[in-house]
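To start, the structure itself, in structure tokens.
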């Protein structure tokens, strides 16, 4: 149980300011001593200190000792982004018997020292934002977190090796697991593979027993042919709607006797499991070890569904397991956490015309080669044993202009393994590997590469330029880049090691649970290094190839990590809910209901002539605040007083013109942090004020900003974080909100060019380049005269 | 085997060479440092067999800043402008444009491409006059007198078989002349 301590409350707040050097990260640009000096003179500040690393034990002890010694009741910490160390510093003040909400953090690293080069201006800006925080600290109030119970169940999306291991791990810990798979059987890509590198274990032999374990586990429910289509609720209490396609075969009745398939007249249905190299019937068992062990009808190829007559399979089934009337249905499950393990697809190499994929049956992908290895190693065209086989690497990988920009990571090892197995299959065969760089970094990988060279596999460094069918054989042209000469060679079979891409629908399923995809299309983890399997939302995790191409070992590692993260989250049985919620000032409220209409979460109802906020549904977005005509609503930890204090504080900056960037806290603020992390630069005229959403900032706040001396305002909003509203509707309302403020300000003679807006996503954080434009536009805008400011002040005081 | 028999010494390196080339190529120049020596350009090149450096090696020499070897290479003159390299480059480097720019740079510097420059000028002169290539006239202009005399017999055989003509047709010469005028006008404008 966390200690939420006693609070010293006096009429005059006693504030301590603690400024971090961050080992030079801050102090190389910001004159920390000067900031300390300025801070010590700010109203209410009792003590101002600096330290090399405030987050170190020494730094934290400094804060704790100061709180006790000077009887501080507010702490302002100027350091890195609160996304990094807010918890650390809150814990420290709690240890010093202070309520955690009486701590205020100032971001002078990501949003100051890392984005500015002018040392003097950066120092001035740092002083201004510290002043903003000190002023705000005067109005901070102690708050108590609330608690909510959590569902002890997890949905795992994707039944490949990652999904299987995440499910088993969680089920063995006692959690109820729903394993949701889009295909008719679990198993995933790994079930299509021959052997796994570098140990050469049989892929199906090692995975199939785990699949059986999943099927028999009392805590796991496998839901096949299903996809999540809607996710609502919040961390610990998600409600997921699944769309389940009909199988047309009763799983519990089917004995896999194969009588139905024998009767099926549709014998030439492309077989996905065989990577298109073989055919199946319209009613089929996905593969021999399929789980659930039951047949399924492919309605796109079934004669009955296409022509309305046949049903031969139903007649053949002695158990009456086939039901043509089954319909698509929707099911809702309640889960506490969600793990995405949606896997990969093979990139189709057809756009690379010079490789002639599809023009000759003996030009295959590496996945197809896996199936050839498992079916006697005969080439597709004439079912003869190929002698000379070319393995072409980087087909669509490492090709920003002709495929994917990234390295698909495992293709080098796949090619090594395939060449090795080929050589094992036919000792007289002649595998050639054409590579750009041989990437064999991993336990036992380099050793395997050495073994391959010992086995007589030929390696040529050079990206193949052309693959041309040439009568019975295939001609390949390449430069041997180590010799600098062109080589032309004929081959019996050509294997294209194509790029690996996120499986179809990764982006869509990610969006359901607030997980963005990066520029490569794979899911984005919360922190690349330190939270590598976490999603942006609490209780959402990802594992395996959904996060990027990787091998079986790494997928299993991530699956276990994600399972561990989920059980850590659910293990407490309850979750802390932020107390940052809207509340009603009953005396002022006249029950007009504007707020109730506007609330995206329907958290406000009008009861007995007054608005009432439901604290469980309220997400603290603050959209309702500026909408209230009587200012009867307020938001805890972001009250009107607190926000205005910050605005007036920062506006005393000496860096002119001064532009306030009201920045949405979830995406916008993190985007600004990423901008700093990237060491990109913007002018120190920009001062960021964090707000729950930009719509919490109304005309009144903007007027106050101009009255206080600001010269411009920019709204930084998340492109797709509208608390339940669709992206289009959210953006529409955002634009309306901003243009309305522009219109109103024009009445006071303030140039509309002084108000700008931008919507960002995390991968597009560079959109904040707009800050440069903003500063230039404000500099070029019609000046704000003293009369204008005086008039605004007059209106505000009236 | 590899034609790279040169030893690259510090005095051969012009540290501004790559930057100059990039600047001249504008937007396209930004891609030059992306080359990772995969060799798809040289593998695709139909005339690489005749070059002293393959296109990939030229890219490497550009990176190293060995201006002298690049501008005196046969590569830039042999480039047939087939665009295979530009189309297939996984990094989107327009090698054909690089070769063109290198040619321009060589022509601007009296140290390089003397013979090529002379050939280009004479070629253009012939085309401008006749509206098309006149092999006999071009041969006589480009080759030294002794070579012309030595090959008279061979030329006579070609003539007898109708492979070359002494007075080629001049049809559409006026239209070609117009093209020349227009190109020259734009060149002047550019300057």
Out of (1) more than 12 Å from every other protein chain (Cβ to nearest Cβ); (2) over 25 Å from residue A:401 (Cβ atoms); (3) surrounded by fewer than 21 Cβ atoms within 10 Å (Cβ to Cβ); (4) touching a residue at least 40 places away in the same chain (Cβ under 8 Å), the one residue B:52 does not meet is (1)
Spot the failing condition for residue A:456; the list is (1) surrounded by 15 or more Cβ atoms within 10 Å (Cβ to Cβ); (2) more than 14 Å from chain B (Cβ to nearest Cβ); (3) not in a helix (DSSP H, G or I), and only one is missed. (1)
So, in region B:160-184, exactly how many residues are part of a helix (DSSP H, G or I) and either within 20 Å of residue B:130 (Cα to Cα) or not assigned by TED's automatic domain parsing to the domain that holds residue B:126 (or both)? 12
How many residues, within region B:127-159, are in a helix (DSSP H, G or I) and within 18 Å of the chain's Cα centre (by Cα)? 3
Could you please tell me which pairs satisfy a Cβ distance under 9 Å, a separation of 6+ or placement on different chains, a first residue in region A:473-493 that is facing chain B (nearest Cβ under 7 Å) and within 16 Å of residue B:46 (Cβ to Cβ), and a second residue that is in a strand (DSSP E or B) and at pLDDT below 90? A:477/A:486; A:477/A:487; A:478/A:486; A:478/A:487; A:479/A:485; A:479/A:486; A:479/A:487
Residue B:82: surrounded by 16 or more Cβ atoms within 10 Å (Cβ to Cβ) and within 14 Å of another protein chain (Cβ to nearest Cβ), yes or no? no
Just checking: which of the helices (runs of 4 or more DSSP H) contained wholly in region A:715-798 hold 1 or more residues that are within 25 Å of the chain's Cα centre (by Cα)? A:727-746, A:770-780
Give me the residue from region A:385-404 that is surrounded by fewer than 17 Cβ atoms within 10 Å (Cβ to Cβ) and in contact (Cβ under 8 Å) with a residue 12 or more places away in the chain and, out of that set, farthest from the other protein chains (Cβ to nearest Cβ). A:385
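Rundown of residues vs (1) in the same structural domain as residue A:226 (by TED's automatic domain parsing); (2) at pLDDT 95 or above; (3) over 30 Å from residue A:537 (Cα atoms); (4) not in a helix (DSSP H, G or I), yes/no style:
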position: A:448; (1), (2), (3), (4): no, yes, yes, no
position: A:451; (1), (2), (3), (4): no, no, yes, no
position: A:464; (1), (2), (3), (4): no, yes, yes, yes
position: A:467; (1), (2), (3), (4): no, yes, yes, yes
position: A:474; (1), (2), (3), (4): no, yes, yes, yes
position: A:482; (1), (2), (3), (4): no, no, yes, yes
position: A:486; (1), (2), (3), (4): no, no, yes, yes
position: A:511; (1), (2), (3), (4): no, no, no, no
position: A:514; (1), (2), (3), (4): no, no, no, yes
What are the residues in region A:87-124 that are more than 21 Å from residue A:74 (Cβ to Cβ) and out of contact with any strand residue (DSSP E or B) (no Cβ under 9 Å at 6 or more places or on another chain), if any? A:110, A:113, A:114, A:116, A:117, A:118, A:119, A:120, A:121, A:122, A:123, A:124
Going through region A:405-441 in order, the residues found to be at the interface with another protein chain (Cβ under 10 Å from one of its Cβ atoms) and assigned to a loop (DSSP other than H, G, I, E, B) are A:405, A:436, A:437
Please determine whether any residue of region B:58-74 is surrounded by 19 or more Cβ atoms within 10 Å (Cβ to Cβ), at the interface with chain A (Cβ under 10 Å from one of its Cβ atoms) and under 20 Å from residue A:398 (Cβ atoms). no
Test result for residue B:92, buried (at least 21 other Cβ atoms within 10 Å of the Cβ), within 25 Å of residue A:400 (Cα to Cα) and at the interface with chain A (Cβ under 9 Å from one of its Cβ atoms): no
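What do you reckon, is residue A:791 over 21 Å from residue A:696 (Cα atoms), in contact (Cβ under 8 Å) with a residue 40 or more places away in the chain and in contact with a helix residue (DSSP H, G or I) (Cβ under 8 Å, 6 or more places away or on another chain)?
Considered against the rule, which asks whether it is over 21 Å from residue A:696 (Cα atoms), in contact (Cβ under 8 Å) with a residue 40 or more places away in the chain and in contact with a helix residue (DSSP H, G or I) (Cβ under 8 Å, 6 or more places away or on another chain), residue A:791 comes out as no.
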Just for region A:536-564: of the residues that are in contact with a helix residue (DSSP H, G or I) (Cβ under 8 Å, 6 or more places away or on another chain) and part of a loop (DSSP other than H, G, I, E, B), which one is farthest from residue A:669 (Cα to Cα)? A:551
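List the helices (runs of 4 or more DSSP H) inside region A:145-264, counting only whole elements, that have at least 1 residues being within 30 Å of residue A:421 (Cα to Cα) and modelled with pLDDT of 95 or more.
Because the criterion is at least 1 residues that are within 30 Å of residue A:421 (Cα to Cα) and modelled with pLDDT of 95 or more, the helices (runs of 4 or more DSSP H) in region A:145-264 that meet it are A:161-172, A:203-216.
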Qualifying residue in region A:495-509 (condition: buried (at least 17 other Cβ atoms within 10 Å of the Cβ), more than 22 Å from residue A:397 (Cβ to Cβ) and either in contact with a helix residue (DSSP H, G or I) (Cβ under 9 Å, 6 or more places away or on another chain) or within 13 Å of chain B (Cβ to nearest Cβ) (or both)): yes
Among the residues in region A:39-50, are any surrounded by fewer than 18 Cβ atoms within 10 Å (Cβ to Cβ) and in a helix (DSSP H, G or I)? yes
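The values are calculated or read from the model by the stated rules, or taken from the named source; none is laboratory data. Source: prediction; values computed, not measured. With ideal geometry, Cβ positions are generated from the backbone for all residues, glycine too; neighbour counts draw on all protein chains shown.
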